């Protein structure tokens, strides 16, 4: 769901990529000669222009690249969005349509930037491969054509595959894992520029199908003298597209907490109230129906991805004004996406407030009082805010350092997640965590963009976020091979199930999160579903989407596809899904819940005796 990634892929891969069969050194020597050989001598920088097309959008990109060390900067226009991305040799950064700049130090942003810089500077042509580990794979064949393939791991970077045509010795494909996405780039149409060859056409495939392919076509390239370091540095910008009423330094407004998600009213282009989810894990977004109702055209169809294994269309819209409490934001570019279906949440959701709002204010979320306060950064006093926890940015997400049962870990902080903590499948596998937790259950623990989130749910002994310690946390160990929780770029995701124990304050400007514990006892924490099933809404009740093989629902005879039409004699259509989920989570073990269930054309009574699964 990160537009940044989609745009940055095009921009970064547009930069110089004259790269390089079974002897790695021989392959790279041949690639050097085929790409221009000694004609590269003395060339220290290049300026390039390109056209971008695909995913229902068109745009342009202008880049400057240092050919000695690979630093780069790209300025892109893609549909209604503008963006700049860069790497100054130390930190990758991005600038969004509003001009706001973000330093990207979390996740895999830095090693991926090192990879791009490595390719930009053609460091693999050096005698020591520029410090990289280079391994030849067995030749690969596709569509009857044989390719020589190297796996290259730059120092400080991540492994990527480079495919070479053994006839021309030119690079024709790269394959690189970026977060949970396996990105394939096809390079072709090499042309001569002052004695060296550049690929004039790149086709970028995120693995989500033909409709999401993106094509970058080089339109102009010229070599340039060495650039000042400021060319590649993040710009110093003061963003002024938001305001509070005269004299005010903060605004507060109430929110509802449902499914551990934060919901509050906003206004868009003067229309409201509109119910929005507040999510540190996302962008500002309009549901497609909301955009249509407000007469706002949607441009493009990019792949939006989340916890599930499927992509959903993600477009872009221009919003004149967004009002949150008494704060007004002007001339914003939103995403357009149906990110959480009504049948999952049971809430009439119309959009999302995300990174763009949190970036501009200090945001205090009082989970106990159900109040959000946006504070002007200059007016914020952290004295009583709680324990400070430093974070970096993993894309738009705050990412903190911590531990899980003593194992060093990095956790994304995600107010849009319902769980306590979900550990990524690579982290679970690398640390042998499942074998250490014999008491647990394979279950659907959530449902978001792309579908269900599946994992092995158990109880972790201890989780730390900075110096803050939490005991016996409900822990989902992801078993997914696709989606956000299949990424090796972070260890886990901390959601509302943990955050609701605190007053949480986010200071994005100083990259600090403050955690102030609420008075004990905090309601509805530390529990996990005792019914052994996942339900979503249906027109006349609740549909059973998944049943655990060892759970109470399975023992009572429930199956996926069944529709619950009544609960303890009450029509299911009159019950909020979040209330029923809370009851199935919090009612004592042994409590019997009577369901009226329809399967096909038949209806029957089913009694489910709740029991602990973890």
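Nothing in this text is a laboratory measurement; each read-out follows from the coordinates by a stated rule. Fair warning: this is a prediction, and the values are worked out from it, not measured in the lab. Positions of Cβ are generated from backbone atoms using ideal geometry, with glycine treated the same way; all protein chains shown enter the neighbour counts.
Laid out as a table, the results:
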quantity: Sequence of 322, 183, 257 once ranked by neighbouring C-beta atoms within 10 Å, starting from the fewest; calculated: 257, 183, 322
quantity: log10 of Debye I(q)/I(0), alpha-carbon scatterers only, for the range 34-163 at 0.13, 0.15 Å⁻¹; calculated: -0.69, -0.90
quantity: For the chain, calculated [θ]222 nm from helices alone, where every DSSP H run of n ≥ 4 adds -39500 (n - 2.57); calculated: -3000 deg cm²/dmol
quantity: Length-normalised contact order for the range 384-437 - Cα pairs under 8 Å, 6+ apart - percent; calculated: 19 percent
quantity: DSSP bridge orientation in the chain - percent antiparallel, rounded to nearest 5; calculated: 95 percent
quantity: Compactness relative to 2.2 N^0.38 Å, alpha carbon Rg of the chain; calculated: 1.02
quantity: Separation in nanometres of the label points that stand 7 Å from Cα toward Cβ, at residue 331 and residue 602; calculated: 6.5 nm
quantity: Calculated over the range 370-421: convex hull of Cα atoms, volume per residue (Å³); calculated: 141 Å³
quantity: Prolate/oblate/rounded call for the range 375-468, Cα gyration tensor, a/c under 1.5 rounded; calculated: prolate
quantity: Cα gyration tensor shape for the range 533-609, rounded if a/c is under 1.5, else prolate or oblate; calculated: rounded
quantity: Relative contact order (%) - the range 454-582, alpha-carbon pairs under 8 angstrom, separation at least six; calculated: 14 percent
quantity: Gyration tensor verdict on the range 184-230 (Cα atoms; rounded if a/c is under 1.5, prolate if a/b is larger than b/c, oblate otherwise); calculated: oblate
quantity: Counting DSSP beta bridges with both ends in the range 136-226, the antiparallel % (nearest 5); calculated: 100 percent
quantity: Sorted by Cβ neighbour density within 10 Å, fewest at the top, the residues 85, 458; calculated: 458, 85
quantity: Length-normalised contact order for the range 287-361 - Cα pairs under 8 Å, 6+ apart - percent; calculated: 28 percent
quantity: Footprinting exposure proxy for 243, 72, 167, 489 (fewest neighbouring C-beta atoms within 10 Å first); calculated: 167, 243, 489, 72
